[in-house]
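K.L.:
Sharing a structure with you now.
The values are calculated or read from the model by the stated rules, or taken from the named source; none is laboratory data. Computed from a predicted model, the values in this text were never measured in an experiment. Cβ placement follows ideal geometry from the backbone for every residue including glycine, while neighbour counts extend to all protein chains displayed. The area values use the complete protein model at the heavy-atom level, side chains included, leaving out ligands, DNA and RNA. Shrake-Rupley method; radii C 1.70, N 1.55, O 1.52, S 1.80 Å.
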Amino acid sequence: PEAEPAPVVVFFYGGSWKGGERAYYRFVGEALTSRGIVAVIPDYRVYPDARFPAFIDDGAAAVRWVEDNIGRYGGDARAIVLMGHSAGAHIAAMLIADDRYLDRAGARASAIRGFVGLAGPYAFDPLAYGSIRPIFEDADDPTMPIGLIDGGEPPMLLLHGADDRTVKPE
């Protein structure tokens, strides 16, 4: 008998929308795959090459790629969980909170079955922080997921370290 397709986690790493790369997160992939989960860790454009919402669009394109290709790797394209840390949690949260990004990429919001956020910035004003202001200052659309949540999203698990001084648990 053919094996059932495995659940899939798409993990977006953090880096203040200014840095990072998937190669640094092999440990995340290994932790997930050791539990029978197919892990996808996409890169995305960062500042100064990209500003909001380019990295959200990159995340949506990654989800589309997963939907189109993950079956070849034993994954279930109908059971995708988005996961992210810090800026990556913001990207994933925006994808579940605003279907327009997935729609533009040709991805299906219905394929997203859950979200796990690790120390994500969901409810702050990015224009209040000089270090990231240029990334968001030209945005026409809402930049934070908190104002977009309407109850129609998949289940969410939001985790945050009690001693985190970079991203406050808001």
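K.L.:
Could you tell me whether Ala31 is among the aliphatic types (A, V, I, L, M) and in contact with a Lys or Arg (Cβ under 7 Å, 6 or more places away or on another chain)?
P.N.:
no
K.L.:
Of the numbered conditions (1) over 15 Å from the mean Cα position of the chain (by Cα); (2) open to solvent by less than 30 Å² (accessible area, probe 1.4 Å), Glu2 fails exactly one; give the number of that condition.
P.N.:
(2)
K.L.:
Sticking with this one: When region 1-44 is examined, which residues are found to be assigned to a loop (DSSP other than H, G, I, E, B), closer than 22 Å to Asp57 by Cα and of a type in the set (Val, Ile, Thr)? Explain how you work it out, then say what you get.
P.N.:
Just the residues of region 1-44 that are assigned to a loop (DSSP other than H, G, I, E, B), to begin with: 1-5, 13-21, 34-37, 41-44.
Applying the additional criterion that residues be closer than 22 Å to Asp57 by Cα yields 13-21, 41-44.
Correct list: Ile41 only.
K.L.:
Is it true that Gly29 is buried (at least 16 other Cβ atoms within 10 Å of the Cβ) and either free of Cβ contacts under 8 Å to residues at least 40 places away in the same chain or among the acidic types (Asp, Glu) (or both)?
P.N.:
Taking the combined requirement at face value, the residue satisfies it.
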